[in-house]
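These notes are about the structure you will find just below.
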Amino acid sequence: MAVRPDSRVLLHRLSKRPDGDEWIVGRRETRVFVALPDIGVEALGLLERGMSVASAQAELRARTGEEADLVEFVQGLLTVDFVAEVDGRKISSAPTTPESFPRLRAHHVRFLLRPSLPLLPAVLVAAALAVLLARPELIPTHRDLVWSSYGTLVVAVGLIVGWSIVFLHEVAHLAVARAADVPGRISFGTRLQFLVMQTDISGIELAPRRHRLTAYLAGIGVNLAVASTAVLLLALVPPNTTAHRLLAAVVLWAALPLTFQFMVFMRTDVYFVLQDLTACRDLYGDGRAYAGHLARRLLRRESVGDDPSRSLPASERRAVRIYSFVMVAGTVLCLAGFAAFTIPAEIRLIGRACVQLSSARSPLDVSDAAFTLAAVVGVHAIWFVTWRRQRRSRRATVKERNPRNA
């Protein structure tokens, strides 16, 4: 769509929030947000009043003394689907992403934004730590994960309870975001070799910082609350019983995933907290770009290019450079651990299951081996399908934003 100086544009409803020297502006429906300087927000206001591009540009020049190219500015707004019409002609927009649990509205969960709410998991954690200090024999160990002599039962219950906790974790993110009038969507995704459940709460950037941090940390709060409650119940249940062993396993199923959240090189919950506290726009993207720049320098490529971090403010530049090293080191270590431990263990598990199937003496042996194979192969199949879908989605987004690449 060509934009002329005499063009008049109709913008979609845009949300705005001041952020330091800039503004965060975006559409909640499409979950696309950009950072604009003050003059950009002023330009949006003039265009929203129905002024032509040339008139808005002249008004900006009179107000600020700066010469802004609003034709180019509007072209940029078109690429991010902020423009609904140009000269009365409707602009096709990317379809909006449907939200999960659409019937859950902000007023249903507004209480989640109360400043006192984080005290609940804090009190539970304090009580659980007090119990474990008084009765250290209740501290779960890795042996508690094998809480039954039936391997199939251990795996089946582990999958059900483990993924249920993961689901509650993601629902917590979504509920807090919804309380802040931000739509969200829960889906499966991948982080390196991990299959994960994830919640897109793009738009929380427009909320106050306390609300943003609450949304980022809500899932961790759920895990801590579940683990702490299970510890408190352990103190009430007789030892050496199935219920006691199962509760100890629940503690681990809820607590162990928290270690994953500190793997900030994979954009986990703690990553978003870190990005917010360092005031970085795109810590992962900028860190990846800087790491790529260093790699090209080390390999002495001819097209090294300029350091992409130099255009960032000093404090943000330091954070991005430090994070780039964390990202590279963490990724290498994570993939190395997967190759050295996980793959050999899974190959051995599959091999044992195949042998068990070929020499099965009872239907129980057959079902146990078949379930093991289905669990291991199934998880990897879901990971691969999810990974392929993510790649296609990213390519489609790039083509929409850069039609010349199509």
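Nothing in this text is a laboratory measurement; each read-out follows from the coordinates by a stated rule. What you see is a predicted model; the values in this text were computed from it and never measured. Cβ: placed from backbone, ideal geometry, glycine included. Neighbour counts: every protein chain shown.
Near Phe260, within a Cβ-to-Cβ distance under 10 Å, what is the net charge of the other residues, with Lys and Arg +1 and Asp and Glu -1?
0
Among the complete DSSP H segments of the chain, which ones combine at least 24 Å of alpha-carbon extent along their axis with a mean Kyte-Doolittle hydropathy of -0.5 or more?
Answer set is 151-179, 209-234, 314-337, 363-401.
Which shape class applies to the range 116-201: rounded if a/c is under 1.5, otherwise prolate when a/b exceeds b/c and oblate if not, where a ≥ b ≥ c are the square roots of the Cα gyration tensor eigenvalues?
Oblate shape, in that a/c is at least 1.5 and b/c is the bigger or equal ratio.
Under a point-charge model restricted to the Cβ atoms of Lys and Arg (+1) and Asp and Glu (-1), what is the dipole moment magnitude of the chain relative to its Cα centre, in debye to the nearest 20?
So the magnitude is around 680 debye.
Taking a ≥ b ≥ c as the square roots of the Cα gyration tensor eigenvalues, with a/c under 1.5 meaning rounded and otherwise prolate when a/b beats b/c, else oblate, which class fits the range 106-405?
oblate
Where a ≥ b ≥ c are the square roots of the eigenvalues of the C-alpha gyration tensor, would you call the range 9-90 rounded, which needs a/c under 1.5, or, failing that, prolate if a/b is larger than b/c, or oblate?
Cα axes put the range 9-90 in the oblate bin.
Divide by every residue of the chain the summed helix terms, -39500 (n - 2.57) for each DSSP H run of at least 4, and state the resulting mean residue ellipticity at 222 nm, rounded to the nearest 500 deg cm²/dmol.
Helices in the chain give a 222 nm mean residue ellipticity of -19000 deg cm²/dmol.
Only counting other Cβ atoms within 10 Å, I'd like Cys354, Cys280 sorted with the fewest neighbours first.
Ordered by Cβ neighbours within 10 Å, fewest first: Cys354, Cys280.
Using +1 at the Cβ of each Lys and Arg and -1 at the Cβ of each Asp and Glu in the range 165-250, identify which of His211, Ala235, Ile186 lies farthest towards the dipole's positive end.
Ala235
Could you rank the peptides 48-60, 136-148 by their average count of other C-beta atoms within 10 Å per residue, with the highest value first?
In descending order of packing, they fall as 48-60, 136-148.
Can you tell me the length gained on complete extension of the stretch Leu232 to Arg135, counting 0.36 nm per residue apart and subtracting the Cα distance?
Full extension of this stretch gives 33.8 nm more.
Got a sec? How would Tyr323, Tyr284 order by Cβ neighbour count within 10 Å, fewest to most?
Exposure proxy ranking, most exposed first: Tyr284, Tyr323.
Starting from the Cα of Ser164, step 7 Å along the direction of its Cβ; do the same at Ser359; then give the gap between the two resulting points in nm.
With each label point 7 Å from Cα toward Cβ, the separation is 3.7 nm.
Could you list Tyr150, Tyr271 so that the one with the fewest beta carbons within 10 Å of its beta carbon is first and the one with the most is last?
Least to most surrounded, the residues fall as Tyr150, Tyr271.
Using a Förster distance of 51 angstrom, determine the FRET efficiency expected from the C-beta separation of Glu66 and Thr96, and round it to 0.05.
That gives a FRET efficiency of 0.90.
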